[in-house]
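The values are calculated or read from the model by the stated rules, or taken from the named source; none is laboratory data. Only a predicted model underlies this, so the values are computations on that prediction, with no experimental measurement involved. Here the Cβ positions follow ideal geometry from the backbone for every residue, glycine too, while neighbour counts run over all protein chains shown.
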Amino acid sequence: MSVIFNLFNSIAFERTASKIVETFFDSIVASVVKALYRSSGESLQSITRLTHLPSKQVLQALVSLIQHNLASFEYTPQRQVHYRLNKANIFYLLRKNKYIHHVREKLGVAAELVVERVLEEGSITASQVIVCTTCKLLMTDLSSAVDRANQNPGDRHIIVRDALRQLIELGYLERCASPSSPAPPCCPLLVKPSSDDKHRFLPDDHLNLQLIAQAVTENVETSSSSSGAILPDASSFPDGKIYWRLNYDAFHLQWRDTLLVTSVEKNVGAEVGLVFRGLLQVAYSTVEDKWQSGVYTTAAHVKHALNSAPHLEHCLQLLGEGESGGCVRRIGVGGGGGEYQIEVAQLVAHITAEFLAKRIKEMFGSKAARVFRLVMRNHIVSADMIASACLLDKKEADQVSNMLFLNQILLVHDLRKASMPSSHTPELLFFKVNFLEVVRLTASQCFTELYNLLRKRELLTEKNRSLMEKKTRVDAIVDNIVKSGATQEQIQDIEEMLTDAERTAVTKWLKQQDQILTVVSGITDDIFLFELFSRYYCHVDDLSVGRSAA
């Protein structure tokens, strides 16, 4: 059975997915997600019947899900429209801040604001995102007591246009393809994902910069008293039918490479990690699919590109040994020196096994982790070997092994019995690791922890709602009187509307919220590792050793 099926088809995942969607959207969209989750494809009528909601509300929820790439639609042979949930994409909602932070570090503030707006809308036209981002830049720059309506946007929309083009060229944004067939009558969407869409450029001939600058000026005047820019109508611009969305794979590929390099640096050394990073870059220059499980490159190409790396041959040799997961294999030694194969699937399996060992150590102690690593390394291990190799007495080894067996981490391996059994033949007990089941159970635990944290945050938010609303009102009044030139004494009188006890409670709640979000971020990192494993596990021949299939 596929680990992908097990990973995202559990009660824990269903509860967590619904809670995530409810947090970012509302309870109606969460109800639609539950209905889609329990089937491989449902029509609008079926979803309406399952959710007991009006068809108009269900339709609006489906539009929101498809715009944010959380659902898709397809036609059946009977020309009926069926909707399908993109289960793995739900966790992308929790990584919004990571996508934004990643772009800010790489490309700066303008690109960050573009990505933030694209994530907010799900899919958006270039003109829309340029107008909204330029308005936000203006409002940010003019946050002091300045009359925004009299300010000229200048060339800020050009800066945003260039940032948008750079994001598209680097692959962080991708163009949504128009559907090959008309959109469903019950769901008049403009875009539908398509693997045939190869447009990765910004069509300047569809951008009317003069019209965009005019829209920016009007939007700033209209939004001067509000908190954000108003999304203009897409049909008002020449590119009204060309939509863009975030290309999550571009982010995930860089995060995957960082995870692989960090693992090599930690297990072998920083120098070897630099060689491995360079090896990946060399291999990427010769392949189209950077996600494939095994990436090849010639030895001559490696030596030419990494000739300045110290101890290159020794580092390449270390990358082929067990400490690094055996992630680099040399194939053939012909006149050109042969080839190097980077076994990404093997290294991901190795990192997953190490993560599971740490998790077992946290749950059951260091002795259980030693037993787990021993069985993983040796495929099948007898009870006597566990005691001797892990430096445990026989009774303690049996207790640890039985505990891991009861928690479905170890399996008892059945040996074929002799045709002529003898009373003098000792009965030996052998164990092996049920690796896929351990991954599934650990992922389910992560889903449960995530649900509990989101639920706790929801309860604390409801508990402190009135207090936070009061603080928001006080802050708004203070901002208004500051802009009107109030004295320090007047400002202090308004601030005293919040007592010291209330301010302490607000500080405590904000600190709790930051702690919860930090833990949630860590759990999403763990889930990202399981997503990588679910992508590559079918290319690993033997999960006990992590050797990649040829």
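Before moving on, here are some points about what is shown:
- Scanning region 95-108 for residues that are surrounded by fewer than 14 Cβ atoms within 10 Å (Cβ to Cβ), in a helix (DSSP H, G or I) and more than 17 Å from the chain's Cα centre (by Cα) yields one hit, E105.
- Selection within region 294-309 - more than 25 Å from E531 (Cα to Cα) and surrounded by 14 or more Cβ atoms within 10 Å (Cβ to Cβ): T297, T298, A299, H301, V302, K303, A305, L306, A309
- Considering region 56-99, and only residues there that are out of contact with any helix residue (DSSP H, G or I) (no Cβ under 8 Å at 6 or more places or on another chain) and among the charged types (D, E, K, R), the residue that is nearest to D249 (Cα to Cα) turns out to be E74.
- Across region 259-293, the qualifying residues are those that are outside any helix (DSSP H, G or I) and either modelled with pLDDT of 90 or more or under 22 Å from the mean Cα position of the chain (by Cα) (or both), and the one among them that is surrounded by the most Cβ atoms within 10 Å (Cβ to Cβ) is S293.
- Counting only helices (runs of 4 or more DSSP H) that fall entirely inside region 422-495 and contain at least 3 residues that are crowded, with 16+ Cβ neighbours inside 10 Å, the qualifying elements are 435-463, 465-483.
- Elements of the type helices (runs of 4 or more DSSP H) sitting completely within region 1-71 and holding at least 2 residues that are without any contact (Cβ under 8 Å) to a residue 40 or more places away in the chain: these cover 11-24, 27-37, 44-51, 55-67.
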